[in-house]
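Chemist: Structure in structure tokens, see below.
Just so it is clear, none of the values below were taken in a lab; they were calculated from the coordinates. Since the structure is predicted, the reported quantities are computational estimates derived from the model, not experimental observations. Reconstructed Cβ throughout: ideal geometry from the backbone, glycine too, with neighbour counts over all protein chains shown.
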Amino acid sequence: MTEEKCPDCGSTKIVRDQERGEMICQSCGLVINDDMVDFGKEWRSFNSNQFDEVARSGSPMKYVKLNKGLVTMIDRRGTDLRGNKLSTKSRAQMYRLIKWHKRASISSSMQRNLSIALTELRRVASYLNIPESLIEAAALLYRKTVKKGLIRGRLIEAVVAAVLYTVCRTYNVPRTLNEMAEASGLTKKEIGRTYRFLVRELKLEVPLTNPIYYIPRFASELNLSGEVQEEGRKILEKAIGNGLISGRGPTGVAAAAVYIASLLKGERRTQKEVANVAGVTEVTIRNRYRELKKRLNIEVVA
């Protein structure tokens, strides 16, 4: 984004007067623009009742909703605009309208697929405690997958899990394939195969998983202090600098770094405890522990 300059004196000290709708140069006083548009709302509300009375638009569009939130709903209260009860005949007619309205909203095969997939997406994301912004990104990516016809012949659950895993890796939110498999009820192999297929077909650039992002999570679950987290991060930075994590699973390396840091800072945790939190075996932690200790010359008092 280029910095705005005064056309008269070249100064970059530009002031925006929102009340007058003007842009003014602070150095020479030149009014650069006197026709600014205020995109904010022109009303205020101090409680929910006032907001409902003066608001003129609904909730924002959301990709995780079937119709992106832009849908007409028929009220089921059985009353007219004045609050009077409808007759039995009118009420029966209204219920039929509601039923056919629901059927029409998911009439195509794509809509039916999205209806199932977005519900599953919400469920898995809730189980794994994935942020709302990432759920939206995953829903958008799933819609692209459907549009390109990449779901044909594949389980909806597998595509949903693969999409979520892709988004988590893209935005550096540490979630493993094992966790995705547990949440979706599928095998790690099935999700991994679908994930690789989507990345290849959609030409996605997914970064390599950085083990440093697992440190806060593992330390938090083990009730370790911030000092241990910082020490674990330093150990991993040295390991990455020396090329020690190439070909190693990021969770195993991160777990070993947390284990070493807990010993160095006097907050000892057993290999079994760390292994349970990281979802790896004790043998993996022992192997990574020995490698890091030897190659980084770390003196650990057992």
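Chemist: Identify all aspartates and glutamates with a Cα-Cα distance to Lys144 below 15 Å; exclude those on the same chain that are fewer than 8 residues away in sequence.
Modeler: Correct list for Lys144: Glu136, Glu201.
Chemist: Go through 84-90, 124-130 and give me the packing order, highest mean Cβ count within 10 Å leading.
Modeler: Descending mean neighbour count gives 124-130, 84-90.
Chemist: With θ set to phi - 60°, apply the Karplus curve 6.51 cos²θ - 1.76 cosθ + 1.60 along segment 217-222 and write out the HN-Hα couplings as whole Hz, x wherever there is a Gly or Pro.
Modeler: Whole-Hz 3J(HN,Hα) from phi for segment 217-222: 5, 5, 5, 5, 5, 9.
Chemist: Another question, if that's okay. Using the Cα centre of the chain as origin and beta-carbon charges of +1 (Lys, Arg) and -1 (Asp, Glu), tell me which of Tyr95, Phe51, Ala139 is placed farthest towards the positive end of the dipole.
Modeler: Result: Tyr95, furthest along the dipole toward the positive end.
Chemist: Considering the Cα trace of segment 211-295, what is its radius of gyration and what is Dmax, both in angstroms?
Modeler: 11.0, 30
Chemist: Of Ala261, Leu66, Val206, which is farthest towards the positive pole of the chain's charge dipole, taken about the Cα centre with +1 and -1 on the beta-carbons of Lys, Arg and Asp, Glu respectively?
Modeler: Highest projection toward the positive end goes to Leu66.
Chemist: Would you work out the charge dipole size for segment 113-202 about its Cα centre, treating the Cβ of every Lys and Arg as +1 and the Cβ of every Asp and Glu as -1, and quote it to the nearest 20 debye?
Modeler: Roughly 420 debye for segment 113-202.
Chemist: Let me ask something else. Show me the ranking of peptides 27-37, 289-299, 181-191 by mean Cβ neighbours inside 10 Å, starting with the highest.
Modeler: By packing density, highest mean first, the sequence is 181-191, 289-299, 27-37.
Chemist: Can you work out the FRET efficiency for the pair Phe51 and Asp8, with r the C-beta to C-beta distance and R0 = 51 Å, to the nearest 0.05?
Modeler: 0.70
Chemist: Shifting gears a bit: What is the fewest-to-most order of Ser225, Ser262, Ser246 by other Cβ atoms lying within 10 Å of their Cβ?
Modeler: Ser246, Ser225, Ser262
Chemist: Past 21 Å, Cα to Cα, is the threshold; run Lys234/Lys265; Lys234/Lys293; Lys65/Lys147; Lys147/Lys203; Lys62/Lys99 against it and keep the listed order.
Modeler: Over 21 Å Cα-Cα: Lys62/Lys99.
Chemist: At each listed q (0.13, 0.14, 0.23 Å⁻¹), what is the log10 of I(q)/I(0) that the Debye formula gives for segment 113-202 modelled as equal alpha-carbon point scatterers?
Modeler: Those come out to -0.33, -0.39, -1.18, one per q.
Chemist: Filter the chymotrypsin sites (Phe, Trp or Tyr not before Pro) in segment 141-233 down to the DSSP loop ones having no more than 16 other Cβ atoms within 10 Å, then list what survives.
Modeler: Loop-located and lightly packed - Tyr171.
Chemist: Please express the shape of segment 145-302 as an equivalent ellipsoid: the semi-axes are the square roots of 5 times the eigenvalues of the C-alpha gyration tensor, given largest first in whole angstrom.
Modeler: So the three semi-axes of segment 145-302 are 33, 15, 13 Å.
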